[in-house]
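Trainee: Below you'll find the structure I mean.
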Amino acid sequence: MRIPILGLVVSCLYVASSLAQTSSAAGSNTQAINAQNANNVCRIYFSKPKPGADQQYEAGRKKHMQFHRAQKDTWTWNTFAVETGDNAGMYVTSSCGHSWKDFDEWETRMGKADTADGAINLTPYVQSGRNSFYVYRADMSLAPANQPPAPLTAVTVFVLRPGAGPDFVAAIKKSNDALSKQADWPKTSGWLQLINGGEGPTFVLLSARKNWADFAPLPKSLTDVLTEAYGKESADQIQKTVRDATEHQYTEAASYRADLSYVPGK
């Protein structure tokens, strides 16, 4: 599953202090946050095929997933194709729902063979690649962890200013308190926090979509919901906190590729 790391990852967070930093302003202690997300670690690989090599890359990815099947790998590996934005044409393969110690066990059981197979079936067709560790922040998310992949996913990446994590997390949780009480607001969004592998602090908002029509605006905007729940002044302050915490952000959409994925037992 591994590919050579030829570029910086899309986004990152400081490793040792990240969860402690972001939880302090959110009304929960660090130990509770860590316990809630102890089995929510993801390993995510990003692959950009060489120009004109998309078909060869996809064929190689299918062979590599057959390798996982032959090895009776117990982990699920889901692959997504980025459809829009500056990363369009990139493939993203992830395995989530793990504890940190699981990666040591997997490395012992699968690591060397996985690297060798990837060097044959993937590396020759990859122009650039990167990989990172993320944590799915269940305490920040409307959707539970480890949901089945949606046909499409709307992705918004927030790269924060240094030290802005606590205020950002607190504002997101305040927003979720209001959104969770809206019966007609879809509870399909979740947050990833990048722990290791690039620029940061960074958080990624993932919103499941059934199809492209599902990208249409909802009857109420986030501003509408926050204003109803907290009043205009507080709603404006919550959104200002998010804006002030954010260095830059970008959006993209990704489609789920079941044919390039591996699910144990299937």
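Trainee: I need two numbers for region 151-266: Rg to one decimal and Dmax as a whole number, Cα atoms only, in Å.
Mentor: 16.0, 53
Trainee: When ligands, DNA and RNA are left out and all protein chains stay put, how many square angstrom of accessible area per residue does region 161-208 have with a 1.4 Å probe?
Mentor: Normalised by residue count, the accessible surface of region 161-208 is 38 Å².
Trainee: Residue 202's amide H: which non-local residues (gap 5+, or another chain) put their own amide H closer than 5 Å, with H modeled 1.01 Å from N in plane and none for Pro or chain starts?
Mentor: Result for residue 202 returns 12, 13, 160, 194.
Trainee: Right, next: Roughly to the nearest percent, how much of the accessible area of region 126-203 is carbon and sulfur, given a 1.4 Å probe?
Mentor: 52
Trainee: Enumerate by residue number the trypsin sites (Lys or Arg not before Pro) in region 195-245 meeting two conditions: DSSP loop (anything except H, G, I, E, B), and at most 13 other Cβ atoms within 10 Å of the site's Cβ.
Mentor: Here the sparse-neighbourhood loop sites are 210.
Trainee: Read phi for every residue in region 148-156 and hand back ³J(HN,Hα) as whole Hz from Karplus 6.51 cos²θ - 1.76 cosθ + 1.60, θ = phi - 60°, with x for Gly and Pro.
Mentor: Whole-Hz 3J(HN,Hα) from phi for region 148-156: x, x, 7, x, 9, 9, 8, 10, 10.
Trainee: Where does the Debye-calculated log10 I(q)/I(0) of region 172-231 sit at q = 0.20, 0.22 Å⁻¹, using only Cα point scatterers of equal weight, no solvent?
Mentor: Log10 I(q)/I(0), no solvent term: -0.89, -0.99.
Trainee: Further question on the same structure: How high is the FRET efficiency from residue 247 to residue 196, r the C-beta distance, R0 22 Å, rounded to 0.05? Mind dumping the intermediate values first?
Mentor: Working: r = 19 Å, r/R0 = 0.86.
About 0.70, to the nearest 0.05.
Trainee: Could you check which residue among 234, 99, 175 shows the biggest mean-square fluctuation in a GNM of the chain with a 10 Å Cα cutoff?
Mentor: Highest fluctuation among the options: 234.
Trainee: Moving on. Take the alpha carbon atoms of region 193-243, find their center, do the same for region 44-106, and report the distance between the two centers in whole angstrom.
Mentor: Computed from Cα coordinates, the inter-centre distance equals 28 Å.
Trainee: Give me the lysines in straight-line cross-link reach of residue 232: C-alpha distance below 21 Å, same-chain residues under 8 apart excluded.
Mentor: Qualifying lysines at Cα under 21 Å: 173, 174, 181, 220, 240.
Trainee: Let me have the relative contact order for region 55-179, percent, based on Cα pairs under 8 Å that are six or more residues apart.
Mentor: Details: 57 pairs, mean separation 30.8, N = 125.
Averaging sequence separation for qualifying contacts and normalising by length gives 25 percent for region 55-179.
Trainee: Before anything else, pin down the relative contact order of region 109-222: Cα pairs under 8 Å, at least 6 apart, normalised by residue count, whole percent. Numbers along the way, then the final one.
Mentor: Values: 134 pairs, mean separation 41.7, N = 114.
Reported as a whole number, the value is 37 percent.
Trainee: How large is ³J(HN,Hα), in whole Hz, for each residue of region 71-81 in order, when computed from phi with the Karplus curve 6.51 cos²θ - 1.76 cosθ + 1.60 and θ = phi - 60°, using x for Gly and Pro?
Mentor: In residue order, the calculated couplings are 7, 6, 4, 8, 8, 8, 10, 9, 10, 10, 10 Hz.
Trainee: Determine the sum of side-chain charges near residue 164: Lys and Arg each +1, Asp and Glu each -1, restricted to other residues whose C-beta is under 9 angstrom from that of residue 164.
Mentor: Value of the local net charge: -2.
Trainee: Around residue 248, what is the net charge, scoring Lys/Arg as +1 and Asp/Glu as -1 over all other residues with Cβ under 15 Å from its Cβ?
Mentor: -3
Trainee: Could you give the angle, 0 to 90 degrees to the nearest 10, between helix 165-179's Cα long axis and the longest principal axis of the Cα atoms of the chain?
Mentor: 70
Trainee: Give me P(r) over the chain, computed from all C-alpha to C-alpha distances, binned every 10 Å, as integer percentages.
Mentor: Whole-percent P(r) values from 0 Å outward: 7, 29, 35, 21, 8, 1.
Trainee: Between 194, 142, 218, which gets the highest mean-square fluctuation from a Gaussian network model of the chain, Cα cutoff 10 Å?
Mentor: Answer for the Gaussian network model of the chain: 218.
Trainee: In straight Cα distance, which lysines are under 19 Å from residue 72, not counting same-chain residues fewer than 8 positions off?
Mentor: Partners found: 62, 63, 112, 266.
Trainee: Straight-line reach from residue 210: which aspartates and glutamates have a Cα under 20 Å away, not including same-chain ones fewer than 8 places off?
Mentor: Hits, sequence-local ones excluded: 83, 184, 252, 259.
The values are calculated or read from the model by the stated rules, or taken from the named source; none is laboratory data. Model, not experiment: these values are computed from the prediction. All Cβ positions, glycine included, derive from the backbone under ideal geometry; neighbour counts span all protein chains shown. Areas reflect the complete protein model, heavy atoms only, side chains present, ligands, DNA and RNA absent. Shrake-Rupley method; radii C 1.70, N 1.55, O 1.52, S 1.80 Å.
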